[in-house]
Structure formats: structure tokens, C-alpha cells
Amino acid sequence: MPQPDTFLAVCGNTHLYPGARCRLQGLPDPQTFADRPRPVDVLLHFSDSVTTDAELRTDGPADAVFAVPAYTTRAGRQIEGRTWLVRDFVRTGTRWS
């Protein structure tokens with residue numbers, strides 16, 4: 001279960017890749033966050049029910065990035081840790097991706 005300052009992000013695949021989308025849930029003020037993202041802790045939940053802690057960082061020279069540590073998919077595939085550039089935040093109904 002995520003901690004109070006950790007937000008759930010539901011991903012539609014077993015891993016991230018360029019163009020992948022995750023639905024970030026539970027933000028108290030999503031529009032302000034989309035306009036000016038801030039660093040937050042994230043619990044990534046992948047389609048195979050594997051979860052891993054991650055960080056959304058905004059302190060680097062690029063736009064927001066997801067820092068995802070190494071993890072293993074349910075099928076046993078080792079996924080290396082990586083930092084992913086977040087290109088944009090898009091509202092879909094009451095969720096953000």
C-alpha cells in the first residue's frame with residue numbers, strides 16, 4: 001500500500017518503453033501538478049501485478065523524469081533500472097497520464 005506522500009501510477013504493460021503511458025492517481029491538485037510538476041514518490045503498478053517504487057524528479061536539466069530502479073517482471077525478466085523522460089501530462093477523465 002502506498003504511503004500518504006506516494007502516488008500510485010498504473011502502467012498498461014509489464015515494463016516502460018518510449019511512448020509508454022502510466023495513469024498517475026490521487027494527486028490533490030492535478031492541474032497545478034501538470035502545469036508545474038514537483039518531485040513525488042511513485043508506486044508503479046505494472047500489468048502483470050508487479051509493483052516497484054519509483055521517483056518522479058524535476059530537479060535536473062531536462063523536464064520531469066521517472067527514475068525507476070531495476071525490477072523483475074512476473075515472468076522472470078530482469079528489467080534494468082533507468083531514468084525515463086516524461087514528455088507530458090495528459091488528463092483522461094479524472095486521471096492523469
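The values are calculated or read from the model by the stated rules, or taken from the named source; none is laboratory data. Keep in mind it's a predicted model, so treat the numbers as computed, not measured. So basically every Cβ, Gly included, is an ideal-geometry build from the backbone, and we count neighbours across all protein chains shown. Areas reflect the complete protein model, heavy atoms only, side chains present, ligands, DNA and RNA absent. Shrake-Rupley method; radii C 1.70, N 1.55, O 1.52, S 1.80 Å.
Taking residues in region 71-91 that are more than 18 Å from Asp53 (Cα to Cα), and partners anywhere that are assigned to a strand (DSSP E or B) and of a type outside the set (Ser, Thr, Tyr), the pairs with Cβ atoms closer than 8 Å and at least 6 places apart or on different chains are Phe89/Leu24; Phe89/Trp96; Val90/Trp96.
Can you find a residue that is on the phi > 0 side of the Ramachandran plot and of a type in the set (Ser, Thr, Tyr) anywhere in region 51-73? Scanning region 51-73 turns up no residue that is on the phi > 0 side of the Ramachandran plot and of a type in the set (Ser, Thr, Tyr). Candidates in region 47-78 are the residues that are touching a Gly at 6+ places or on another chain (Cβ under 9 Å) and of a type in the set (Ser, Thr, Tyr); of these, the one that is nearest to Phe89 (Cα to Cα) is Ser47.
Looking at region 5-97, the strands (runs of 3 or more DSSP E) lying wholly inside it that each contain 3 or more residues that are at pLDDT 85 or above and open to solvent by less than 70 Å² (accessible area, probe 1.4 Å) sit at 6-11, 40-45, 51-57, 65-68.
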